[in-house]
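S.K.: For reference, the structure I am asking about is given below.
The values are calculated or read from the model by the stated rules, or taken from the named source; none is laboratory data. On a predicted model such as this, the values are computed, not experimentally measured, just so you know. So basically every Cβ, Gly included, is an ideal-geometry build from the backbone, and we count neighbours across all protein chains shown. In case anyone asks, the SASA skips ligands and DNA or RNA and just uses the protein heavy atoms, side chains included. Shrake-Rupley method; radii C 1.70, N 1.55, O 1.52, S 1.80 Å.
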Amino acid sequence: FTSPGVEKVTGFTAEEMTAELWTSRVHPDDRERVRAQYEALFRDGTRFDSEYRFLRKDGTWAWFADQATHTYVKNGRVLTDGVTQDLTERKRGELQQLGLAGFGRRAISCVDERDLFHDACRTVSAVLEVPMASVLISLGVNWRE
């Protein structure tokens, strides 16, 4: 059973959300680790507790936390009960804090105002996940010159 609520967070219906689809949508940098943990759950009964990025149907990345504690057999199939949480906003906030803290450390030692301005624009662009041009336009900078 896959909850119909899966569509709200992934864009995929419960019927579409197969193990193959799920695996293919896990971020490549997270995939091997998550796959190994998932296999250990079914092989050894090792608790599955993992945070990973997932590519939603609309092409945006979400952060999920999955937990499952055991497997069982029902109608000849090995199953597990698990819970998935959407951590996207929390992770986005953490990444923004890291980006701003890094900028703060760099700003303290920066001696060139132009370099500091460029670093600030790059940091704001990355932290807010907007194109650099949007940052410059909002600052009133004629970025085409």
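S.K.: Quote the accessible area belonging to Val9 in square angstrom, nearest 10, computed with a 1.4 Å probe and with ligands, DNA and RNA left uncounted.
M.R.: 50
S.K.: Now for a different question. Suppose only helical runs count, i.e. DSSP H with n ≥ 4. What mean residue ellipticity at 222 nm does that imply for the chain under -39500 (n - 2.57) per run, divided by all residues and rounded to the nearest 500 deg cm²/dmol?
M.R.: -16000 deg cm²/dmol
S.K.: Here's a follow-up. Step through the residues of region 17-24 one at a time and calculate ³J(HN,Hα) from phi using the Karplus curve (6.51 cos²θ - 1.76 cosθ + 1.60, θ = phi - 60°), rounding each to whole Hz and writing x for Gly and Pro.
M.R.: 7, 8, 4, 5, 5, 4, 4, 5
S.K.: Can you give the FRET efficiency to the nearest 0.05 for Thr46 and Arg114, using r as the Cβ-Cβ distance and R₀ = 41 Å?
M.R.: So, using R0 = 41 Å, E works out to roughly 0.15.
S.K.: Okay, next question. Ordering Lys57, Lys91 from largest to smallest accessible area (1.4 angstrom probe), what's the sequence?
M.R.: So, going from the largest accessible area down, we get Lys57, Lys91.
S.K.: With every protein chain present, what accessible area does Met132 have (1.4 Å probe, heavy atoms only), rounded to the nearest 10 Å²?
M.R.: So the heavy atoms of Met132 present about 70 Å² to solvent.
S.K.: Also, quick follow-up: Any chance you could look up the accessible area of Leu87 with a 1.4 Å probe, heavy atoms only, rounded to 10 Å²?
M.R.: Accessible area of Leu87: about 20 Å².
S.K.: Positive end of the charge dipole of region 37-145 (Lys, Arg +1 and Asp, Glu -1 on Cβ, about the Cα centre): tell me which of Gly140, Trp61, Ile108 has its Cα farthest that way.
M.R.: Towards the positive end, the residue furthest out is Trp61.
S.K.: Okay, next question. Out of residues 5 or more away from Leu87 or on other chains, whose amide H comes under 5 Å of its own, with H placed 1.01 Å from N in the peptide plane?
M.R.: The answer is Trp63, Phe64, Ala65.
S.K.: Report, ordered by chain and residue number, the lysines lying within cross-link reach of Lys91, taken as a straight Cα distance under 28 Å and ignoring same-chain residues fewer than 8 apart.
M.R.: Lys8, Lys57
S.K.: When the Karplus curve 6.51 cos²θ - 1.76 cosθ + 1.60 is applied with θ = phi - 60°, which whole-Hz ³J(HN,Hα) does each residue of region 63-77 get, with x for Gly and Pro?
M.R.: Each residue's phi maps through the Karplus curve to give 9, 10, 10, 10, 9, 8, 10, 7, 10, 7, 9, 9, 6, x, 10 Hz.
S.K.: Further question on the same structure: What do you reckon, how do Glu89, Glu16 stack up by accessible area (1.4 Å probe), largest on top?
M.R.: Largest to smallest exposure gives the sequence Glu89, Glu16.
S.K.: Which of rounded, prolate, oblate describes region 1-61, given a ≥ b ≥ c as roots of the alpha-carbon gyration tensor eigenvalues and a/c under 1.5 marking rounded, otherwise prolate only if a/b is larger than b/c?
M.R.: oblate
S.K.: Run the accessible area of the chain with a 1.4 Å probe and give the carbon-and-sulfur part as a rounded percent.
M.R.: The computed percentage sits at 54.
S.K.: Here is a follow-up. Name the residues whose placed amide hydrogens come within less than 5 Å of the amide hydrogen of His27, ignoring near sequence neighbours (fewer than 5 apart) on the same chain.
M.R.: Arg53, Phe54, Leu55
S.K.: How far, in nm, would the chain grow between Lys74 and Gln96 when pulled straight, counting 0.36 nm per residue and subtracting the alpha carbon separation?
M.R.: Difference between extended and current length: 3.5 nm.
S.K.: Quick one: 3J(HN,Hα) in Hz for region 114-125, Karplus 6.51/-1.76/1.60 with θ = phi - 60°, rounded, Gly and Pro as x.
M.R.: So the J values, rounded to whole Hz, are 5, 4, 4, 4, 5, 4, 4, 5, 4, 5, 4, 4.
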